[in-house]
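Bear in mind that the values in this text are calculations on the coordinates, not laboratory data. Note that the coordinates shown come from a computational prediction; the quantities given were computed from them, not determined experimentally. Neighbour counts run over all protein chains shown; Cβ positions are idealised from the backbone, glycine included.
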Amino acid sequence: MGLFDFAQIVPYIPFILEGVKVTLLFTLLSTVFGFIWGSILALIKISDFKTLKGLAVFYTSIFRGTPLILQLTFIYFATPQLTGYNITQLQAAVLTFTLNSGAYISETIRAGILAVDKGQREAAMSLGVPYKRMMLDIILPQALKNILPALVNESIALLKESALVSTIGVADIMQNANIVKGTTYRYFEPYLIAGGLYYIMVMILTWLARVLERRLRRSD
């Protein structure tokens, strides 16, 4: 047997590719839910409700100050003990990454909101525009335009970090590559294929982020 034996791995390539669907689904769900949760946290942080604001800041510090792998294993293994609910692997993964990314996204959105010219807010308030309508129609659209590239970068980070979900058995690219490794006793080939798949997906997202950035610059 030679140093590299891709012929032995070829029959397993479709199996590794099956993990792409799970990886993309997981990344999409975590990005969408993370954005929604992050938006809620950001609005709480800029509100006048001191108690809620303090809780939101504390929450963010917890999820930014502890390892993601610890959060993932805690939610997956501790949830049945604490609640009696047998959470699935995918549910635990999406919940963990939603809570984690929401903490980071909230800071990005908060910074984007605060970066909007205060004069627009003052003008809207002087015209009697309700706070909710002002935020939804005036402030948030401008803030999102400024932070959209950062949000895309967060999606790229989620995609790369998604490999961690293999530690709890989610059938993503990494987990399927691990199974092939255990079946064939070949390490280099399946991991090279997995790395290539992650690289291709990240490069596509990076390209989309650059296209988006250029279009946003032209619209200014």
Distance in nm between T88 and L114 label points, each 7 Å along Cα→Cβ, equals 4.0 nm
Mind checking the dipole of the chain: about its Cα centre, +1 per Lys or Arg Cβ, -1 per Asp or Glu Cβ, Debye to the nearest 20?
600 debye
Where the centre of each part is set by its Cα atoms, how far does the range 119-157 sit from the range 168-198, in angstrom?
42 Å
Cut-off is 10 Å between beta-carbons; in what order do W207, W37 appear when sorted fewest neighbours first?
W207, W37
Among A92, L159, L41, the residue whose Cα sits farthest towards the positive end of the charge dipole of the chain, when +1 is placed on the Cβ of each Lys and Arg and -1 on the Cβ of each Asp and Glu, is L41
Contact order relative to length for the chain, counting C-alpha pairs under 8 Å separated by 6 or more residues, stands in percent at 30 percent
Enumerate the helices in the chain for which the Kyte-Doolittle hydropathy averages -1.0 or more and the C-alpha atoms extend at least 24 Å along the helix's axis, using complete DSSP H runs.
13-45, 89-115, 140-161, 188-219
Counting every Cα pair in the chain, what percent are over 32 Å apart?
32 percent
What aspartates and glutamates does K53 reach when the alpha-carbon gap must be under 15 Å and sequence neighbours fewer than 8 apart in one chain are set aside?
E107
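Determine the alpha carbon to alpha carbon distance for each of K132/K160; K45/K145; K118/K160 and list only those over 27 Å.
K132/K160; K118/K160, as the Cα separations exceed 27 Å there.
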Roughly how many nanometres apart are two label points built 7 Å out from the Cα toward the Cβ at I69 and L52?
3.7 nm
